[in-house]
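Chemist: After the structure tokens below, expect a handful of questions from me.
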Amino acid sequence: MTQTLPCLHPHPGWSATPAAPVAEPLPHQISDTVGKHCILELYGCDTAKLNDEAFLRDTITAAAKRAGATLLNLITHRFEPQGVTGLALLAESHISIHTWPESGYAAVDVFTCGDHTMPERACAVLAGELAASHHKLTSFRRETPGAIAAEERQPALAA
């Protein structure tokens, strides 16, 4: 599902040339879903909140909880003169955020495995708490290749 909204590039001086051509599809069949991946672009956000490391830590924690995920660890870093990067390690995968306060922009990535989590809810928390004036959400299912879906997975042997 892709929601399209007017695009505001976080670095207007950068070239907007199209990406390289898409590679050919993989030669195997796709089957079981292992999780859902959400890519969220937030525009027109509250500049002060985008630069507030403590606020972002609290917001990421709330987003993980709202998604039904288990937060294992949270690492953040505030850059000088501005901007914050945060990475939440979840039992189900991760949430990451990178902020550009000078542009009112945040890039968010939420990936959760299993069928008990709802990453879109985490995205809604982040968009709401950062007071985004508009956003673009792209979500898709991450799937297990059919070639390994039927195999029983075993722990790797330590070397």
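The values are calculated or read from the model by the stated rules, or taken from the named source; none is laboratory data. Here the structure is a predicted model, which means the values were calculated and not measured. For neighbour counting, all protein chains shown are included, and Cβ atoms are generated from backbone atoms with ideal geometry for every residue, glycine included.
Chemist: Return the residue satisfying two criteria in turn: it lies in region 62-85 and is under 16 Å from residue 106 (Cβ atoms) and among the β-branched types (Val, Ile, Thr), and of such residues it is surrounded by the most Cβ atoms within 10 Å (Cβ to Cβ).
Modeler: Among them, the one singled out is 84.
Chemist: Inspect all residues belonging to region 52-59 and state whether any of them is β-branched (Val, Ile, Thr) and modelled with pLDDT under 95.
Modeler: Within region 52-59, none of the residues are β-branched (Val, Ile, Thr) and modelled with pLDDT under 95.
Chemist: How do the pairs read when you match residues in region 65-79 that are at negative phi and outside any loop (DSSP other than H, G, I, E, B) with residues anywhere that are of a type in the set (Lys, Arg) and modelled with pLDDT of 95 or more, using Cβ under 8 Å and keeping only pairs 6 or more apart or on different chains?
Modeler: 66/121; 67/121; 71/65; 74/57; 76/57
Chemist: Examine region 104-119 for a residue that is surrounded by 13 or more Cβ atoms within 10 Å (Cβ to Cβ), assigned to a helix (DSSP H, G or I) and either acidic (Asp, Glu) or in contact with a Lys or Arg (Cβ under 7 Å, 6 or more places away or on another chain) (or both), and state whether such a residue exists.
Modeler: Checked against the condition, which is being surrounded by 13 or more Cβ atoms within 10 Å (Cβ to Cβ), assigned to a helix (DSSP H, G or I) and either acidic (Asp, Glu) or in contact with a Lys or Arg (Cβ under 7 Å, 6 or more places away or on another chain) (or both), region 104-119 yields at least one hit.
Chemist: Here is a further query. Here is a list: 88, 124. Which entry is in a strand (DSSP E or B) and buried (at least 16 other Cβ atoms within 10 Å of the Cβ)?
Modeler: Result: 88 is the single residue among 88, 124 that is in a strand (DSSP E or B) and buried (at least 16 other Cβ atoms within 10 Å of the Cβ).
Chemist: Within region 62-105, can you find the residues that are more than 16 Å from the chain's Cα centre (by Cα) and hydroxyl-bearing (Ser, Thr, Tyr)?
Modeler: 103
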